[in-house]
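Input: a single structure, listed below in structure tokens.
The values are calculated or read from the model by the stated rules, or taken from the named source; none is laboratory data. Remember, predicted model here, so these are calculated numbers, not experimental data. Cβ placement follows ideal geometry from the backbone for every residue including glycine, while neighbour counts extend to all protein chains displayed. Note: areas computed on protein heavy atoms with side chains; ligands, DNA, RNA excluded. Shrake-Rupley method; radii C 1.70, N 1.55, O 1.52, S 1.80 Å.
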Amino acid sequence: MSRFGNLVFSSSVMSAIDNPDSLVISDDPLHPANLIPELCRNFYQLGWVTGTGGGITIRQGNLVYIAPSGVQKERILPEHIFVLPYPQPAPSPHADRIFLRRPAKKLSESSCTPLFWNTFDMRDAGSCIHTHSQHAVMATLLWTGPTFTISHQMIKGVRIGGVGRALSYLDTLEVPIIENTPFEVDLKESMAEAMAKYPDAAGVLVRRHGVYVWGPSSSLSLFLL
Ligand SMILES: CSCCC(=O)C(=O)COP(=O)(O)O
Ligand SMILES: [Zn+2]
């Protein structure tokens, strides 16, 4: 453990401070910096992240990897990935979010970052995926109330709260639907409220917009989609 300003981080985080690019260079296809671009290409092919919409994060221990904002997600490269330490104090007008590594190219981290943080803080999630899937949007139009509810369907792989035990055929899956806002960041509070009110939900739908789904790892978040 070492100190970085007022924060205490593991030695792996501290060694990354000397060579930030080492955080996104790996031969391992499962390394988050390689996995995020691959998953984004898959999401594009599925029609889930058309235009520049959607976002993804993977957290491995105290390192958080986040895709860039406002870019065609199918064109993301490992060098475009942001890396942040976790945990860290919430950003405020007086303190910015802390980054261990930013891309050399002029990019911003996903505008979903505050919402991704909800899933780390409230569910100890290892990944969170946000898509604009037409199926998710359609569900929010057909279920006009505050939740999408389903039972006796393909819910056996869905985990309670995204990270707990798997649901059975006989369980009922209830997913909160929050109302859309002009900016992604403005969904943070209503998403957190929905997560607190529905602790068993493995995701949050955003009306006329899409869905946030999380899991203990990227493969399990993906399965829930
Ligand atoms: C045209 S997308 C508007 C913002 C949005 O909904 C979104 O998902 C964008 O996420 P990003 O990671 O590109 O900031
Ligand atoms: Zn979105």
Would you tally the residues in segment 128-151 being closer than 30 Å to Pro91 by Cβ and within 16 Å of ligand 2 (Cβ to nearest atom)?
9
It is to be established whether one or more residues within segment 16-23 are modelled with pLDDT of 95 or more and open to solvent by 70 Å² or more (accessible area, probe 1.4 Å).
yes
Does segment 80-94 contain any residue that is away from ligand 1 (no atom under 15 Å from the Cβ), open to solvent by 80 Å² or more (accessible area, probe 1.4 Å) and either touching a Lys or Arg at 6+ places or on another chain (Cβ under 8 Å) or modelled with pLDDT of 95 or more (or both)?
yes
Per the filter on segment 26-52, residues open to solvent by less than 20 Å² (accessible area, probe 1.4 Å) and out of contact with any strand residue (DSSP E or B) (no Cβ under 7 Å at 6 or more places or on another chain) are Pro37
Please go through (1) under 24 Å from Ser217 (Cβ atoms); (2) within 14 Å of ligand 2 (Cβ to nearest atom); (3) surrounded by fewer than 15 Cβ atoms within 10 Å (Cβ to Cβ) for Met154 and return the number of the only condition it doesn't satisfy.
(2)
Boolean, Gly162 is more than 15 Å from ligand 1 (Cβ to nearest atom), at positive phi, under 13 Å from the mean Cα position of the chain (by Cα) and not β-branched (Val, Ile, Thr)
yes
Taking the condition more than 17 Å from the chain's Cα centre (by Cα), assigned to a loop (DSSP other than H, G, I, E, B) and either surrounded by fewer than 17 Cβ atoms within 10 Å (Cβ to Cβ) or within 13 Å of ligand 1 (Cβ to nearest atom) (or both), does Ile98 pass?
yes
Return the residues of segment 106-127 that are more than 12 Å from ligand 2 (Cβ to nearest atom), open to solvent by less than 30 Å² (accessible area, probe 1.4 Å) and not in a helix (DSSP H, G or I); say none if nothing qualifies.
Ala125, Gly126, Ser127
Pairs only if they're at least six apart or on different chains, beta carbon under 9 angstrom, first in segment 32-55 and basic (Lys, Arg), second within 16 Å of ligand 2 (Cβ to nearest atom) and outside any loop (DSSP other than H, G, I, E, B); list them, first residue then second.
Arg41/Lys73; Arg41/Glu74
